[in-house]
1. Could you grab me the full set of residues in region 1-29 that are among the hydrophobic types (A, V, I, L, M, F, W, C), over 19 Å from G77 (Cβ atoms) and either part of a loop (DSSP other than H, G, I, E, B) or touching a Pro at 6+ places or on another chain (Cβ under 9 Å) (or both)?
2. Identify the single condition in (1) under 18 Å from the mean Cα position of the chain (by Cα); (2) surrounded by 13 or more Cβ atoms within 10 Å (Cβ to Cβ) that I32 does not satisfy, given that it satisfies every other one.
3. Inspect all residues belonging to region 61-75 and state whether any of them is surrounded by fewer than 17 Cβ atoms within 10 Å (Cβ to Cβ), closer than 17 Å to G2 by Cα and not hydroxyl-bearing (S, T, Y).
4. Regarding region 35-54, can at least one residue be identified that is in contact with a Ser or Thr (Cβ under 6 Å, 6 or more places away or on another chain), surrounded by 13 or more Cβ atoms within 10 Å (Cβ to Cβ) and hydrophobic (A, V, I, L, M, F, W, C)?
5. Just to verify a result, which residue in region 3-20, among those that are of a type outside the set (F, W, Y) and crowded, with 17+ Cβ neighbours inside 10 Å, is nearest to S81 (Cα to Cα)?
6. Specify which of the listed residues (G104, G112, G86, G98) is within 21 Å of K28 (Cβ to Cβ), of a type outside the set (S, T, N, Q) and surrounded by fewer than 12 Cβ atoms within 10 Å (Cβ to Cβ).
7. Would you check if G73 is among the small types (G, A, S) and not in a loop (DSSP other than H, G, I, E, B)?
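Coordinate-derived values only; no laboratory data. Everything quoted here is computed from the prediction, not taken from an experiment. A quick note on method: Cβ atoms are made from the backbone with ideal geometry, for glycine too, and the neighbour counts reach across all protein chains shown.
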Amino acid sequence: MGHYERIKNLKEGDFKRLTGVKPGIFDKMAEILRAAFEGKKQLGGRPNKLRIGDMPLTALECLRECRTFFHVGKSHGLSGSNAYKGIKWVEDALVRDGTFPLPGRKALLAGGSEYEVVLVDATETPIEHPKKTKESIQNR
């Protein structure tokens, strides 16, 4: 049983809380990936270890929880490099489809957003220890 099989029956709020997207959007992502996967597998190759439902789940875990590829891979029975390749493929397939477009760099720069920056000085400074005297050593 895959990870998606365990969470697909959650309430909508809990599903979104876990994955970051509503179940309908998740299903649309899985549908897009299913079509892309069929096109990819016509060329041949090894069978995937992950099911179609688990593929977007790995990408969402990595993005939502800021988990490393190693940790995502271990959660799904993959190596870190295979997790990276799978997540990268999911991202590329979703962007190529155009249903989930991301703004380009020019659009982000033209957005006119103002940023307020707070700078925190966290430089290290040596600690000043009290000088040891004969008297302080004898009082121990």
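1. Once the filter is applied, which keeps residues that are among the hydrophobic types (A, V, I, L, M, F, W, C), over 19 Å from G77 (Cβ atoms) and either part of a loop (DSSP other than H, G, I, E, B) or touching a Pro at 6+ places or on another chain (Cβ under 9 Å) (or both), region 1-29 yields L10, F15, V21, F26, M29.
2. (1)
3. Of all residues in region 61-75, those surrounded by fewer than 17 Cβ atoms within 10 Å (Cβ to Cβ) come to 63-68, 70-71, 74-75.
Subset that is closer than 17 Å to G2 by Cα: 71, 74-75.
Keeping just the survivors that are not hydroxyl-bearing (S, T, Y) gives 71, 74.
Yes: region 61-75 contains one or more residues that are surrounded by fewer than 17 Cβ atoms within 10 Å (Cβ to Cβ), closer than 17 Å to G2 by Cα and not hydroxyl-bearing (S, T, Y).
4. First, the residues of region 35-54 that are in contact with a Ser or Thr (Cβ under 6 Å, 6 or more places away or on another chain): none.
For region 35-54, residues in contact with a Ser or Thr (Cβ under 6 Å, 6 or more places away or on another chain), surrounded by 13 or more Cβ atoms within 10 Å (Cβ to Cβ) and hydrophobic (A, V, I, L, M, F, W, C): absent.
5. Filtering region 3-20 down to residues of a type outside the set (F, W, Y) leaves 3, 5-14, 16-20.
If we keep only those that are crowded, with 17+ Cβ neighbours inside 10 Å as well, we get 3, 19.
On the way: H3: 19, T19: 22 Å.
Going through the qualifying residues, I end up with H3.
6. Details: G104 fails: within 21 Å of K28 (Cβ to Cβ); G112 fails: within 21 Å of K28 (Cβ to Cβ); G86 fails: surrounded by fewer than 12 Cβ atoms within 10 Å (Cβ to Cβ).
Checking each option against the conditions leaves just G98.
7. Values: among the small types (G, A, S): yes; not in a loop (DSSP other than H, G, I, E, B): yes.
Against the criterion (among the small types (G, A, S) and not in a loop (DSSP other than H, G, I, E, B)), G73 qualifies.
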